[in-house]
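> There's a structure below that I have some questions on.
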Amino acid sequence: MMKKILKSFSIHSVLIFTSLLSIFPFIWLLSTSLKGNSENIFAYPPALIPKEFTFANYVGVWHRVDLMRYFINSMVVAGGTVILNLILSSLAGYPLARMEFKGKKIAFFAILATIMVPFQAIMLPVYLITLKLHLVDSVNDVAGFIGLVMPFAVSAFGIFLMRQAFLAIPREMEEAAIVDGCNVFQVFWKVLLPMVKPSLAVLAIFTFIGSWGEFLWPSIVLTKESMFTLPVGINNLQGMFSSNWRYIAAGSIISTIPIIIFFLAMQKYFIAGENEGAVKG
Amino acid sequence: MFKYYGKWAPHLFLLPAGVILLIFFFIPFFQTIVLSFQDYSNNIYNPSWIGIGNYLGIFKNPVFYKVMLNTFIYLIVAVPVLAIVPLFLAILISQKIRGITVYKILIYLPVIISIVVAAIAFKWLYADQGILNYLLNVLHINSVGWLTDSKYAIYSVIILTIWKGIGYYMMIYLAALMSVPKELYEACDIDGASFLQKHLTVTIPHIMPTIALVTTISSISAMKIFAEIYVMTKGGPLNSTKTIVYYIYEKAFENLDLGYASAMAVILLVVVMIFSLINICCFERNKYQI
């Protein structure tokens, strides 16, 4: 009994310690963002609880930076990316799982090949092509959004995820639908797609998180501040407020709130232990 | 089963994804290779063919070797830590204890946070008069230039990468741990094996493929590090944190030396492809079976 308590005590201590390490950088950022102007944020010893508690930094950064705009931009980009991924991945995953056709092997290996090539290695020509197609914010905002979304509109990860989902559906489902007079598109849309909803949810969530945090591509293509997504805008705070860490911290915390809410709402998808995610950038 | 679809139906379904992949993947892929044989450094509007000139230039460039060394440091420090620590945590979490969900959420939190915010949070911890230096001073150690001293900067950035990756790999391990047969553990308990013995003899051999998978995935992501560097150090001080992707970015979008940048991109591509091939052929085979 004693041994059991000791074991459980040591396990909890390690996990509590790790959990604290995981959130401490945010706690410290939060603490800094709540400190007033007259409080020294470099004080020794550092004060975790602000002595002069204030929301002034939040009000200040909210007035000087259009965070709402960044948020809306991020929503548009992440939303667009998610919708396109759901549509394109399930469209492409279906024939790869369910049909026999000429060129299937080629299509399969071509898609598989895209997993092996990192975006970072081909980003320069992707940028040149995006420029050529006039999908940049200097043309207009809509073009800018399309340019932000298109290179990530479909991924091999998504296609294979959907293919796996379609593979798991019994053949009889299609046969019954055909007998009932469905055509191939109706089979796909009305019969199969509703059956792969769990996979669609997984794909949507991971695509959303990935797109929401994406930094490299928007920082390459964006030229107008009004088009900034949250990561680009938050990074830009560093230049705007050079050493005003109270503002930088407040802006960073504000930008993090939506994704934390999203994560907590969807947590079962992340921590069920089932995901082999695409979040990793 | 009877064929209920027309001859071209499969192709129609594949078409939209195919078009996107063609425009934003396959064309750029080949264009990268083509660009790498061209010289843009004299006139960006009128490049000239120089064969393997860019590659020769790269292999004579001391900065490139520095960048490679940095990537190598990243690999040998971050990858083992990310293979071992998350496994240890996953084993602890998979014990039947209270509060698992809370621990999982807290440890996974860094994964979903935008890398930019995480990098800013760490930059603040690393400030010259910041909280980490205060802790060092309490322990009677002199302050360290976490991001300003070329000896330490790369390790400071690596710490961020590790911090942000632990939860992700822990979840992969947790999924793998569920597949270890319970009977094996019961047999261990009957034999009176200790906690350590139990996991060394049962868990580790059983999830070896997952350990290998985590190793290759984290190696690949270590070679793609960019945002951390961009937000925290811009590759400095003295190129000590410059990674290959950051260097490509700098050459391509700041120096507009498109050929040179593309040649480095091809090198990155080859290395990452080797790792990915190992990954797909050895560890994720079942996922990609035709």
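> Could you list, ordered by first residue, the pairs with Cβ atoms under 8 Å in which the first is in segment A:14-38 and in a helix (DSSP H, G or I) and the second is among the basic types (Lys, Arg) and surrounded by 15 or more Cβ atoms within 10 Å (Cβ to Cβ), at least 6 apart or interchain?
A:Thr32/A:Arg246; A:Ser33/A:Arg246
> Follow-up. Need the failing condition index for B:Pro205 against (1) more than 11 Å from every other protein chain (Cβ to nearest Cβ); (2) closer than 30 Å to B:Trp49 by Cβ; (3) more than 18 Å from the chain's Cα centre (by Cα), just the number.
Status for B:Pro205: all satisfied but (2).
> Related question: For segment B:167-189, check the following and say yes or no: at least one residue is under 30 Å from B:Asp39 (Cβ atoms) and in contact with a Pro (Cβ under 7 Å, 6 or more places away or on another chain).
Taking every residue of segment B:167-189 in turn, none turns out to be under 30 Å from B:Asp39 (Cβ atoms) and in contact with a Pro (Cβ under 7 Å, 6 or more places away or on another chain).
> When you check A:Val126 against the structure, is it crowded, with 21+ Cβ neighbours inside 10 Å, part of a helix (DSSP H, G or I) and at the interface with another protein chain (Cβ under 8 Å from one of its Cβ atoms), yes or no?
Spelling it out, A:Val126 is indeed crowded, with 21+ Cβ neighbours inside 10 Å, part of a helix (DSSP H, G or I) and at the interface with another protein chain (Cβ under 8 Å from one of its Cβ atoms).
> Residue check, B:Ile158 against (1) part of a helix (DSSP H, G or I); (2) buried (at least 17 other Cβ atoms within 10 Å of the Cβ); (3) within 14 Å of chain A (Cβ to nearest Cβ); (4) within 24 Å of the chain's Cα centre (by Cα), all met but one. Which one?
(3)
> From A:Ser155, A:Ser138, grab the single residue that is surrounded by fewer than 20 Cβ atoms within 10 Å (Cβ to Cβ) and in contact (Cβ under 8 Å) with a residue 24 or more places away in the chain. Spell out the reasoning first.
Working: A:Ser155 fails: surrounded by fewer than 20 Cβ atoms within 10 Å (Cβ to Cβ).
Of A:Ser155, A:Ser138, the one residue that is surrounded by fewer than 20 Cβ atoms within 10 Å (Cβ to Cβ) and in contact (Cβ under 8 Å) with a residue 24 or more places away in the chain is A:Ser138.
> A follow-up question, please. Among what's in segment B:257-282 and is under 17 Å from the mean Cα position of the chain (by Cα) and more than 8 Å from chain A (Cβ to nearest Cβ), pick the residue that is nearest to B:Asn42 (Cα to Cα).
That would be B:Ile267.
> Report, ordered by the first and then the second residue, all pairs with beta carbons closer than 6 Å, sequence separation of six or more or different chains, a first member in segment A:245-272 that is over 13 Å from A:Leu230 (Cβ atoms) and at the interface with another protein chain (Cβ under 8 Å from one of its Cβ atoms), and a second member that is polar (S, T, N, Q) and assigned to a helix (DSSP H, G or I).
A:Trp245/A:Thr32; A:Ala249/A:Thr32; A:Ala249/A:Ser33
> A follow-up question, please. Would you say B:Asn70 is without any contact (Cβ under 8 Å) to a residue 40 or more places away in the chain and closer than 23 Å to B:Ala263 by Cβ? Before the answer, list the steps.
On the way: without any contact (Cβ under 8 Å) to a residue 40 or more places away in the chain: no; closer than 23 Å to B:Ala263 by Cβ: yes.
Judged against the criteria, B:Asn70 is not a match.
> Follow-up question, since we're still on this one. Here is a list: A:Leu193, A:Leu167. Which entry is surrounded by fewer than 20 Cβ atoms within 10 Å (Cβ to Cβ), over 30 Å from A:Ser38 (Cβ atoms) and touching a Ser or Thr at 6+ places or on another chain (Cβ under 8 Å)?
Details: A:Leu167 fails: touching a Ser or Thr at 6+ places or on another chain (Cβ under 8 Å).
It is A:Leu193.
> Is one or more of the residues making up segment A:69-79 more than 12 Å from chain B (Cβ to nearest Cβ), part of a helix (DSSP H, G or I), aliphatic (A, V, I, L, M) and crowded, with 21+ Cβ neighbours inside 10 Å?
There is at least one residue in segment A:69-79 that is more than 12 Å from chain B (Cβ to nearest Cβ), part of a helix (DSSP H, G or I), aliphatic (A, V, I, L, M) and crowded, with 21+ Cβ neighbours inside 10 Å.
> Any residue at all in segment B:25-40 that's more than 7 Å from chain A (Cβ to nearest Cβ) and at pLDDT below 90?
Checking segment B:25-40: at least one residue is more than 7 Å from chain A (Cβ to nearest Cβ) and at pLDDT below 90.
> Another question about this same structure. Could you tell me whether segment B:187-196 includes any residue that is under 22 Å from A:Phe17 (Cβ atoms), within 14 Å of chain A (Cβ to nearest Cβ) and surrounded by 21 or more Cβ atoms within 10 Å (Cβ to Cβ)?
Looking for residues that are under 22 Å from A:Phe17 (Cβ atoms), within 14 Å of chain A (Cβ to nearest Cβ) and surrounded by 21 or more Cβ atoms within 10 Å (Cβ to Cβ), one finds none in segment B:187-196, hence no.
> I need the full set of residues from segment A:208-218 which are facing chain B (nearest Cβ under 7 Å) and either over 11 Å from the mean Cα position of the chain (by Cα) or among the polar types (S, T, N, Q) (or both), in order please.
A:Leu216
> Another one. Testing B:Val77 on (1) under 28 Å from the mean Cα position of the chain (by Cα); (2) hydrophobic (A, V, I, L, M, F, W, C); (3) at the interface with chain A (Cβ under 9 Å from one of its Cβ atoms), one condition comes back false. Which one is that?
Exception for B:Val77: condition (3).
The values are calculated or read from the model by the stated rules, or taken from the named source; none is laboratory data. Please read all numbers here as calculations on a predicted model, not as lab measurements. Because the Cβ atoms are built from the backbone with ideal geometry, glycine has one as well, and the counts that use them run over all protein chains shown.
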